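J.: Quick one: the structure is below, questions incoming.
Throughout, read-outs are computed from the coordinates displayed, never taken from laboratory work. Note that the structure is a prediction, hence the values are computed from the model and not measured. All Cβ positions, even for glycine, are placed from backbone atoms using ideal geometry, and neighbour counts span all protein chains on display.
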Amino acid sequence: MRILLLNPNTSDAVTALVTDRVAAMAGGTATFVPATARFGAAYIASRAALAIAGHAALDAFAEHGHGCDAVLLACFGDPGLLALREIAPVPVVGMLEAACRAAQPVASRYAIVTGGALWKPMLAEAVAGLGLGDGLASIRTIERTGGEIAKDPEAALPDLAAACRACVDHDQAEAIILGGAALVGLASLLQPQVSVPILCSVETGVHAVVAAARAPYRRPPAVALETVGLGNALAALLMPRGAAGGEIE
């Protein structure tokens with residue numbers, strides 16, 4: 001199976017980092033096709049960047065999604081997730097949604113730890129919007145953003161470990177989601193320092209997208225929009241049926 005690994009920020013380094021890890025997480029059962037957003041923030045750490053990333057995710061899917069059996073949206077905030085599901089003929093899995101769904105069966109109370117203080121309210125809203133707020137004990141962030149963590153992950157480990165332990169000691173969390181594409185691989189390094197399971201959001205996303213690609217899928221009704229100023233691939237994908245070159249298959 002072919003899975004589009006869609007990074008909705010513009011950091012090729014983060015795309016390469018995640019691409020290097022996902023094949024092993026999937027047990028060699030899938031080929032991951034990496035795609036990086038062609039516009040937007042290098043790393044998403046604000047509402048403005050998140051909104052732009054939703055558009056960039058649609059644009060990247062239109063450009064690179066042909067021939068893929070599923071899409072893994074490789075950003076923990078799931079920018080553009082529901083819109084991607086509206087236009088894509090294949091399953092689309094977001095890391096935030098997949099991680100929360102993986103945590104709920106193993107813990108009556110779970111927490112999220114990630115980088116960048118502005119992510120706390122954004123993630124709270126995203127989890128509530130997905131209807132997955134039951135059992136979410138807390139969201140804790142460290143000062144370093146995901147981009148800064150990606151550049152020097154070892155320097156962030158003490159702060160991440162302290163945040164995880166605070167989730168257990170003060171928030172009574174029974175499991176912790178370590179969220180963020182740039183944090184891939186750090187959960188196993190933190191686990192010996194924390195008394196409850198730590199879930200890697202990239203790994204839970206990989207398991208969910210492989211399962212989705214294997215399952216029967218009913219594609220959504222085709223979307224048709226008349227647009228101005230979009231990239232050529234996205235404009236063609238959204239073009240109304242019957243317009244020149246605009247048939248949505």
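J.: Rounded to a whole number of µm²/s, how large is the Stokes-Einstein D of region 67-207 at 25 °C and 0.890 mPa s, given Rh as the Kirkwood radius over C-alpha pairs?
T.: Roughly 164 µm²/s, to the nearest whole number.
J.: Suppose R0 equals 51 Å; then what is the FRET efficiency for Ser195 and Val223 from their Cβ-Cβ distance, rounded to the nearest 0.05?
T.: Working from the Cβ atoms, E equals 0.65.
J.: What's the local net charge at Thr204, with K and R +1, D and E -1, over the other residues with C-beta under 10 Å away?
T.: -1
J.: Can you pull the one-decimal nm distance between simple spin-label points at Ala215 and Ser188, each 7 Å off the Cα toward Cβ?
T.: 2.7 nm
J.: Starting with the fewest neighbours, write out Ser138, Ser201, Ser108 ranked by other beta-carbon atoms found within 10 Å of each beta-carbon.
T.: The fewest-first ordering by Cβ neighbours comes to Ser108, Ser138, Ser201.
J.: To continue, here is another question. Highest mean first, what order results for 212-225, 124-137, 58-71, 38-51 on Cβ atoms within 10 Å?
T.: 58-71, 38-51, 124-137, 212-225
J.: Continuing with this model, one more query. Between Asp169 and Ala51, what length comes free when the chain is fully extended (0.36 nm per residue of separation minus the Cα-Cα distance, one decimal in nm)?
T.: Answer, rounded to one decimal: 39.1 nm.
J.: Counting only the backbone N, which residues of region 125-149 are under 13 Å from the spot 7 Å out from the Cα of Arg101 toward its beta-carbon?
T.: 130-132
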